[in-house]
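Engineer: Just passing along the structure, written as structure tokens.
The values are calculated or read from the model by the stated rules, or taken from the named source; none is laboratory data. Computed from a predicted structure; not experimentally measured. Cβ coordinates were reconstructed from backbone atoms using ideal geometry, including for glycine residues, and neighbour counts include every protein chain displayed. Keep in mind that these areas ignore ligands, DNA and RNA; they rest on the heavy atoms of the full protein, side chains included. Shrake-Rupley method; radii C 1.70, N 1.55, O 1.52, S 1.80 Å.
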Amino acid sequence: MQEAFHIAGTQITPGSRRVLQLALAQLYTQSPLTVPLEVVHGRQPGPVLLICAAIHGDELNGIEIVNQVLARVNPARLKGTLVAVPVVNVFGFIHKSRYLPDRRDLNRCFPGSEKGSLGARVAHFFVDEIVSQCSHIVDLHTGAIHRSNLPQIRAKLDCAITRQMADAFGAPVVLDASIRDGSLRAVAESSGIPVILYEAGEALRFDPLAIKAGTRGVLNVMRSLGMLKPVASQVRVPPMIARSSTWIRAEQDGLLHLKARLGDRVSKGQCLGTISAPLGADTCEVTAPKSGIVIGCLTMPLVNEGDAVCHLASFDEVKQAELSVERFVDELDIRPEVL
Ligand SMILES: [Zn+2]
């Protein structure tokens, strides 16, 4: 029989759900600033899955994904516990900013400390109150401002359970990504908590494909962990694991006319767009340094030399990767949602 779940000093009985507001800090006005949290505690025991979004405060797709997942999870049928935090970096969120007020990136402040900088304190609070109570994590992100990402999973695939979660999610591309110091992934991995990071769409926007794929992906992970019943009719597109990825950078300043689109397969030497002066002179081409799939794009046509224009993922079987992307997009667009 499932026992009551305890988080942030609150007890949640089996088969129930609860919305909490955790006191994090205060604004300059001394008004309280809280982190919203919803817990769905199943009747039967199972994993404790944390889904969290907006560690970068301007990344909004994950907030919508959290809400759509919560709407589909019934505590009477859930095995285990879902801990949902739609906005981790509430400071950045209220300013429409990726960062904290002290200009730090919260995802470089983990595990943080009680007496450190603002970023260190927010990170410590999140780890101490929430992460420490969880057994698995899906961390939801988007591209930076003016950059959009094809739905993709980043994870350290040498852990079998992390690999299982990455495969189950159902994004068309998986990057076997090394872990950055100070990230939520780093602190989770060091505590033995498997974590996958979902990247899709662009900051400060709702991207319907990213949200639909993300919602479906989290529910797929929950099924794979045994928290939800499997869907018999579901056909899974196997994700393609990228060998490596490269950012293609602008070789001059100017106006960018990008022809390449997210999900495109490109060949080595192919022209992906041009950069020119305002009257069209001094045009230079942006070319692909290798073949691959476009998994990230600049969405704003003004560039300085060195700006990242396209993110290209390389695959052993690039044609297969293209098929995986096509099938994924078709599935999300034409098939009724199998949630
Ligand atoms: Zn992010």
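Engineer: Once you charge only the Cβ atoms, +1 for Lys and Arg and -1 for Asp and Glu, what is the size of the charge dipole of segment 210-339 about its Cα centre, to the nearest 20 debye?
Structural biologist: With Lys and Arg at +1 and Asp and Glu at -1, about 720 debye.
Engineer: Within straight cross-link reach of Lys259, meaning Cα distance under 28 Å, which lysines are found once same-chain residues fewer than 8 apart are removed?
Structural biologist: Those lysines meeting the cut-off are Lys212, Lys268, Lys290, Lys319.
Engineer: Tell me the accessible surface of Phe126 in square angstrom (1.4 angstrom probe, heavy atoms of protein chains only), to the nearest ten.
Structural biologist: That residue has around 10 Å² of solvent-accessible surface.
Engineer: A follow-up question, please. Within a Cβ distance under 13 Å of Leu70, other residues only, what is the Lys/Arg minus Asp/Glu net charge?
Structural biologist: +1
Engineer: Can you tell me the dipole magnitude for the chain around its Cα centre, using point charges on the Cβ only (Lys, Arg +1; Asp, Glu -1), in Debye to the nearest 20?
Structural biologist: In total the dipole reaches around 880 debye.
Engineer: With all protein chains present, how much of the accessible area of the chain (probe radius 1.4 Å) comes from carbon and sulfur, to the nearest whole percent?
Structural biologist: 50 percent
Engineer: Another question, if that's okay. Just Cys310, Cys271, Cys134 to compare: in a GNM of the chain, with alpha carbon springs under 10 Å, which one fluctuates most?
Structural biologist: For the chain, modelled as a Gaussian network with Cα springs under 10 Å, the answer is Cys271.
Engineer: Another question about this same structure. From the phi angles alone, apply the Karplus equation (6.51, -1.76, 1.60; θ = phi - 60°) to segment 248-262 and give each ³J(HN,Hα) in whole Hz, x where the residue is Gly or Pro.
Structural biologist: Working through the residues one at a time gives 8, 10, 5, 8, 8, 7, x, 9, 9, 10, 8, 8, 5, 10, 4 Hz.
Engineer: Follow-up. Under the Kirkwood approximation for Rh and a Cα-based Rg, what ratio Rg/Rh is obtained for segment 229-339?
Structural biologist: Rg/Rh: 1.10.
Engineer: Need one word for the chain: rounded, prolate or oblate. Basis is the Cα gyration tensor (sqrt eigenvalues a ≥ b ≥ c); a/c below 1.5 gives rounded, then a/b vs b/c decides.
Structural biologist: Oblate, since a/c reaches 1.5 and b/c is not below a/b.
Engineer: Long-range amide H contacts for Leu33: which residues qualify at under 5 Å (H placed 1.01 Å from N, peptide plane, sequence gap of 5 or more or a different chain)?
Structural biologist: Leu24, Ala25, Gln26, Leu27
Engineer: In whole Å, what are the Cα extents of segment 1-86 along the three principal axes, biggest one first?
Structural biologist: 46, 28, 17
Engineer: Now for a separate question. How many Å² of accessible area per residue for the chain, probe 1.4 Å?
Structural biologist: Accessible surface, normalised per residue, equals 45 Å².
Engineer: Taking 0.36 nm per residue of sequence separation and subtracting the Cα-Cα distance, how much length would be gained by fully extending the chain between Ala308 and Arg243, in nm to one decimal?
Structural biologist: 21.4 nm
Engineer: For Leu150, what is the net charge nearby, where nearby means another residue's Cβ is under 13 Å from its Cβ and Lys, Arg count +1, Asp, Glu -1?
Structural biologist: Summing Lys and Arg as +1 and Asp and Glu as -1 gives -2.
Engineer: What's the magnitude of the charge dipole for segment 70-225 around its Cα centre, counting Lys and Arg as +1 and Asp and Glu as -1 at the beta-carbon? Answer in Debye, nearest 20.
Structural biologist: 360 debye
Engineer: Which value, in Å³ per residue, describes the convex hull spanned by the Cα atoms of segment 49-206?
Structural biologist: 111 Å³
Engineer: For Gly119, what is the net charge nearby, where nearby means another residue's Cβ is under 10 Å from its Cβ and Lys, Arg count +1, Asp, Glu -1?
Structural biologist: Residues near Gly119 contribute +2 overall.
Engineer: Determine ³J(HN,Hα), in whole Hz, for all residues of segment 299-316 in sequence, where each value follows from phi through the Karplus function 6.51 cos²θ - 1.76 cosθ + 1.60 and θ = phi - 60°; x replaces Gly and Pro.
Structural biologist: With coefficients 6.51, -1.76 and 1.60, one gets 10, 10, x, 9, 10, 9, 3, x, 5, 6, 9, 9, 9, 10, 9, 9, 10, 5 Hz.
Engineer: Relative contact order of the chain: what whole-number percent is it, with Cα pairs under 8 angstrom and at least 6 residues apart?
Structural biologist: The value is 15 percent.
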